Amino acid sequence: MSWWLRHIGWWPPLFGTGIKVTRLDKDLRAIDVEMPLRPWNRNYVGVQFGGSLFALTDPFYMIMLATNLGPEFVVWDKAASIRYKKPGLGRVRAEFRLTAERLAEVWALLEGEGRADVKFLVEVKDDAGGVVAEVERVIYCATKKAHEERKKLRGGGG
């Protein structure tokens, strides 16, 4: 694991919102994060700011897939959506898991098609285990060859 990943909690987008990485497995198959309610991530009515809840889920699955697939693959965040379930009145948490079975599914898609849009559902929970928000993350994964071919078809864009 790189120095940068071991210290990801100091990355300004996470640090600035108060997001703390509480678990970071060396193989990047499991990551846990939490965020206390603070004055700088509180919204107008005094609960967790929606953008901070969204940020709590942002880079992790993309980083996990990029690391586990390796440098011969292109991995990007493609889309995300959030559904608020109830106000975040205190500390919130999220867990990210990339199981061997899920990784095998991604490998199979990449071997068959060269590319895949992989969906993950992340539940942001409060201390009592109640779901505050559900975030769907879509991660684009492709072999470098398939990615370059697709770029050519689109006229050279990223």
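The values are calculated or read from the model by the stated rules, or taken from the named source; none is laboratory data. Because the structure is predicted, anything quoted here is derived from the model rather than measured. When we count neighbours, we look across all protein chains shown, and the Cβ atoms used for this are built from the backbone with ideal geometry, even at glycine. Side chains are part of the model used for accessible areas, which takes the heavy atoms of the whole protein and leaves out ligands, DNA and RNA. Shrake-Rupley method; radii C 1.70, N 1.55, O 1.52, S 1.80 Å.
Once the Cα atoms of helix 100-113 and of the chain are each reduced to a long axis, what angle between those two axes, in degrees from 0 to 90 to the nearest 10, is obtained?
Long axis of 100-113 versus the principal axis of the chain: about 40 degrees.
Provide the gained length on full extension for the span residue 154 to residue 113, in nm with one decimal, where the gain is 0.36 nm per separating residue minus the Cα-Cα distance.
Numbers: separation 41, 0.36 × 41 = 14.76 nm, distance 1.75 nm.
Extra length from residue 154 to residue 113 when fully extended: 13.0 nm.
Please list, or write none, the lysines whose alpha carbon is within less than 23 Å of the alpha carbon of residue 144, excluding same-chain residues fewer than 8 places away.
78, 119, 152
Starting at 0 and stepping by 5 Å, how many percent of the alpha carbon pairs of the range 98-158 end up in each bin?
Reading upward from the zero bin: 4, 16, 17, 18, 13, 12, 8, 6, 4, 1.
Under 18 Å Cα to Cα from residue 86, which lysines show up? Leave out anything in the same chain fewer than 8 places away.
Answer for residue 86, where 18 Å is the Cα cut-off: 125, listed by chain and number.
What is the gain in length, in nm to one decimal, between residue 44 and residue 99 on full extension, counting 0.36 nm per residue of separation less the C-alpha to C-alpha distance? Before the final figure, lay out the partial values.
On the way: separation 55, 0.36 × 55 = 19.80 nm, distance 3.82 nm.
This chain segment gains 16.0 nm when fully extended.
Using a Gaussian network model on the chain with a 10 Å cutoff between Cα atoms, which of 18, 130, 50 fluctuates the most?
Its mean-square fluctuation being the largest, the pick is 130.
Given Cβ point charges of +1 (Lys, Arg) and -1 (Asp, Glu) and nothing else, what value in debye, to the nearest 20, does the dipole of the chain about its Cα centre take?
With only Lys, Arg, Asp and Glu charged at Cβ, the dipole is about 380 debye.
Hey, of [x] 10.1; [y] 10.8; [z] 8.8, which did the structure itself give for mean projected area of the Cα convex hull in nm² when calculated?
Structure-derived value, by its label: [x].
Rolling a 1.4 Å sphere over the protein heavy atoms, what is the accessible area per residue of the chain, to the nearest Å²?
Details: 8870 Å² over 158 residues.
For the chain, the solvent-accessible area averages 56 Å² per residue.
Report, in debye and to the nearest 20, how large the dipole of the range 48-125 comes out about its Cα centre when Lys and Arg carry +1 and Asp and Glu carry -1 on their Cβ.
Working: 11 positive and 10 negative charges, 131 e Å.
Roughly 640 debye, rounded to the nearest 20.
Who wins for biggest fluctuation among 27, 126, 77 in a Gaussian network model of the chain, springs between alpha carbons below 10 Å?
Highest fluctuation of the listed residues: 27.
Rounded to the nearest percent, how much of the accessible area of the range 8-158 (1.4 Å probe, protein heavy atoms only) is carbon and sulfur?
Working: 4570 of 8240 Å².
Here carbon and sulfur together make up 55 percent of the probe-accessible area.
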